[in-house]
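> Starting off with a structure, shown below.
Please treat every number below as a calculation from the coordinates, not as lab data. Please read all numbers here as calculations on a predicted model, not as lab measurements. Reconstructed Cβ throughout: ideal geometry from the backbone, glycine too, with neighbour counts over all protein chains shown.
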Amino acid sequence: MKKNFFCLILSIFLINSCSYKPLYTKKNFGLNKIDIIIKSKGKYENNVVLMKNLLDKKFNSRASKPSNLKLVISLDRRVSNLGVNKDLNTFGKRVTIFVNYSMYDKKGSLTKGSLNHSSTFNFSANDYANINSLEDSFSKLVKHASENIGTLVLAESFSRKIYP
């Protein structure tokens, strides 16, 4: 009797003391599909498609139902000189990406925010290498920004009920 009572108390203590709760899950929006709209000023079509595909993979599944949830993203990039010459032929360039995002449901705005990330690369006399380095830097920044946006939106605790 004493042993059974001790086991019961121990099991209740272990079950109640485990307070692990994941910070972000896909259950925040249930099985509702989120429409992802990306706006950009320039002709960055490959990276816009890349960001849309990465966010679509993070938020939506095949079993998602149509809803009025929308994620609107504004994407802008700037290229600037670093002013550092490594030798007579190459110097550094910095690519900065600016991302503004807003999440909407049927009633209005749920959350909004902004991110900016930057990366550097060497600019040389070879035009093909410069274009390749610029696009590679920009695609890495887009991947990083889309991962951060997905994490921020999924981790958000909204102050009101979501109306899909």
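> Could you give the spread of the C-alpha atoms of the stretch 57-164 along their three principal axes, from largest to smallest, in whole angstroms?
60, 28, 18
> Sticking with this structure for a sec: With each label point set 7 Å from Cα along the Cα-Cβ vector, what nm distance links I37 and R78?
2.6 nm
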